[in-house]
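Since every read-out is calculated from the coordinates, none of them should be taken as a lab result. Here the structure is a predicted model, which is why all the values come from computation and not from measurement.
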Amino acid sequence: MEVSEESLNIMLADLLAEKGLRALGEVILRKRRGRFEPDVLIELNGARIVIEGKKLGMWNELVRQCKERLDNNVCDLCVMVEYVNIERLSEMIFPDQTYIRKFLLNGVYNVGFMSYIDRANLDKWLGIPVKYEKYENIDFSDLLAYLMSAYYRVVGEDVLGPVIKKMKEVLNEFAKDIATSVNIERLKEVLELRGPEGETNEQNE
């Protein structure tokens with residue numbers, strides 16, 4: 001009997017929460033309630049994490065789905081999972097939850113992590129190319145470690161700081177260029193800016 005990807009994703013989320021994510025704080029698992037919702041949404045200290053999992057060979061579809069989740073503000077971090085050795089499950093006629101759990105704990109995965117930072121096109125401000133991370137043929141322990149690392153990057157990355165710094169640099173450079181080419185006295189005249197002496201003369205009149 002074939003096990004659905006949705007069931008695998010939900011079980012994987014349960015195991016991730018049980019085996020390590022709860023060490024980071026409060027974990028809330030929300031399973032799909034509507035047709036267009038993700039299979040599982042993990043809320044970890046306010047950060048929203050979606051797990052999208054598929055069989056081997058569906059990586060491009062996973063990337064498309066994660067882009068969609070992030071662009072629609074469904075999550076802050078999207079986890080892409082390819083179940084590399086899923087064919088082993090088909091060897092069981094009626095795999096129960098215990099077997100599926102053991103399969104996932106001993107499974108092999110291709111995984112990637114895409115965050116709102118990757119989708120915000122901030123590379124032009126940060127000065128470095130931003131690409132989502134992908135790791136191939138890893139085990140469950142590595143999947144958990146990479147996920148925790150990606151979570152720390154999402155909650156700890158100073159996104160606005162470098163952008164604000166870059167904007168200040170651009171504005172300062174613009175101001176310097178303007179200062180050397182603008183006639184200040186003419187600008188005051190056009191804007192009708194008067195100093196204290198001008199104000200006194202106007203009041204005396």
The range 1-90: spread of alpha-carbon positions along the three principal axes, whole Å, largest first, is 36, 29, 21
Going through 31/54; 102/134; 67/134; 19/102 one by one, the pairs whose alpha carbons sit over 19 Å apart turn out to be 102/134
Note: residue 141 to residue 155 extended length (0.36 nm per residue) minus current alpha-carbon separation gives 2.9 nm
One would report the Cα pair-distance distribution of the range 5-157, bin width 10 Å, in %, as 11, 43, 35, 10, 1, 0
